[in-house]
1. How large a share of the accessible area of the chain, in percent, is made up of carbon and sulfur atoms when the probe is 1.4 Å and the other protein chains stay in place?
2. To check you understand DSSP bridge types, tell me what percent of the beta bridges within segment 154-223 (both residues inside) are antiparallel, rounded to 5.
3. For Ser316, tell me the accessible area in Å² from a 1.4 Å probe, rounded to the nearest 10.
4. At a threshold of 8 angstrom on Cα-Cα distance, excluding pairs fewer than six apart, so keeping six or more, what relative contact order does the chain reach in percent?
5. Please give the per residue accessible area of segment 17-258, computed with a probe of 1.4 Å over protein heavy atoms only, in Å².
6. Considering only DSSP beta bridges where both residues belong to the chain, give the percentage that are antiparallel (nearest 5).
7. Enumerate lysine pairs in segment 19-110 that are 8 or more residues apart or on different chains, then count those whose Cα atoms are under 18 Å apart.
8. Taking the dipole about the Cα centre of the chain, with the C-beta of Lys and Arg at +1 and of Asp and Glu at -1, give me whichever of Leu373, Ser135, Thr74 is farthest to the positive side.
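The values are calculated or read from the model by the stated rules, or taken from the named source; none is laboratory data. Because the structure is predicted, anything quoted here is derived from the model rather than measured. All Cβ positions, even for glycine, are placed from backbone atoms using ideal geometry, and neighbour counts span all protein chains on display. SASA here: full protein model, heavy atoms, side chains in, ligands and nucleic acids out. Shrake-Rupley method; radii C 1.70, N 1.55, O 1.52, S 1.80 Å.
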Amino acid sequence: MEKLIYLDNNATTKVDERVLEEMLPYFKEEYANPSSMYDFSKKSSHAIKEARGKVKDLLHAENEKEIIFTSCGTESANTAIRGYLSTVKNKKHIITTKIEHPCVLNVYKYLEKQGYKVDYIGVNSNGELDVEELSEKITSETALVSVMMANNETGVLNPIKEISEIIKSKNSETKFFVDAVQGAGKVAIDVQDLGIDMLGISGHKLHAPKGVGALYVNSKTMFTPLIIGGHQERGKRAGTENTPYIVGLGKASELAIDNLDYEMTEVARLRDKLERGIIQNIYNARVNTGLAKRVPNTTNIGFEYIEGELILLHLSDLGICASSGSACTSGSLEPSHVLRAMNVPFTAIHGSIRWSLSRFTTEDEIDYVIDKLPSVIEEIRRISPYQEELKALKEMKTVK
Ligand code: PLP
């Protein structure tokens with residue numbers, strides 16, 4: 001295989017071999033419907049129970065019954081938000097952030113059309129949430145507060161515990177939903193300690209396959225299922241259980257727990273090395289998040305006066321995969337809504353690249369990128385229409 005350096009793990013991750021191994025029997029000999037009565041189905045139903053326990057452990061939920069398997073992070077978010085709000089008849093106020101993933105933001109845009117009032121809280125230039133503004137917006141009418149754990153484009157972590165404490169002190173009836181798709185497997189999650197009512201995760205962001213996710217809903221939170229049909233998942237999500245994928249998510253959750261220390265130390269070290277290597281070797285590259293607290297695997301770096309898409313194409317020729325926005329928004333030339341909310345200067349917003357590592361990223365790969373990237377940027381800048389500005393920057397040799 002040609003060289004492949006995959007630094008786009010916030011878009012999706014490679015399935016861990018151990019996850020695949022665990023899944024395979026449920027495609028082959030153990031294909032029974034887990035809801036069937038005969039003995040043949042026992043192994044499947046038991047495997048689902050085990051997987052539920054592992055997701056419960058990953059999230060530190062109180063009870064396995066609080067874990068519902070879904071098809072993806074998007075379904076988890078839709079179920080939590082719409083399912084919960086449909087049980088609240090008299091309150092129509094929601095608070096969220098400007099930097100949520102589209103699978104959350106677009107649900108709120110939809111709900112606005114249904115008569116809900118939604119406040120979108122902003123961030124500062126490092127991508128950190130304005131918690132004071134959020135606090136001021138909570139009223140007796142607030143049904144739901146919804147804040148992502150970590151942003152997919154910048155990796156910036158939101159102060160979830162602080163927010164849940166503010167919510168409880170201002171309106172104890174307000175529920176708190178956290179999209180933790182980019183947090184799970186990268187930072188420790190304890191839903192009880194963090195005071196979270198509902199939380200979504202996605203398998204393909206933590207080395208399980210695409211097509212499986214989970215939703216935590218604590219036992220005090222009512223909701224109406226989004227998908228109605230049979231009695232699977234205790235009536236909370238109909239449809240025959242996807243046994244192999246659920247088993248895969250369970251194994252991935254177990255591995256994520258084991259890997260957390262490595263993530264916080266080694267993955268963070270390699271990310272920091274990459275960041276330093278880029279900043280030191282390329283003039284006017286800026287870390288868009290400054291010193292904000294982030295998940296260990298992500299950095300978002302702006303290269304002034306050039307187009308991110310061009311950088312990605314050149315990198316692709318070298319076998320390097322990165323991203324210029326979230327996977328769902330790349331493909332359009334609109335600058336990312338997250339970087340816009342941060343007011344990243346126009347000179348850097350179009351040339352911003354997200355690098356996201358994983359436990360499979362090696363030192364050699366990081367060295368290769370640090371070695372190759374300066375000439376890529378130099379070559380693209382040579383054809384940039386902003387020659388005067390670039391010359392001035394080079395002379396200043398500014399390093400941010
Ligand atoms: N939430 C965040 C923060 C994400 O980054 C993503 C995917 O990129 C999702 C939700 C959606 O997850 P899925 O692709 O499993 O629907």
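1. Heavy-atom surface of the chain belonging to carbon and sulfur, 1.4 Å probe: 52 percent.
2. The antiparallel proportion sits near 55 percent.
3. That residue has around 70 Å² of solvent-accessible surface.
4. Relative contact order comes out at 23 percent.
5. 41 Å²
6. Roughly 50 percent of the beta bridges in the chain run antiparallel, per DSSP.
7. For segment 19-110, the number of qualifying lysine pairs is 9.
8. Selected residue: Ser135.
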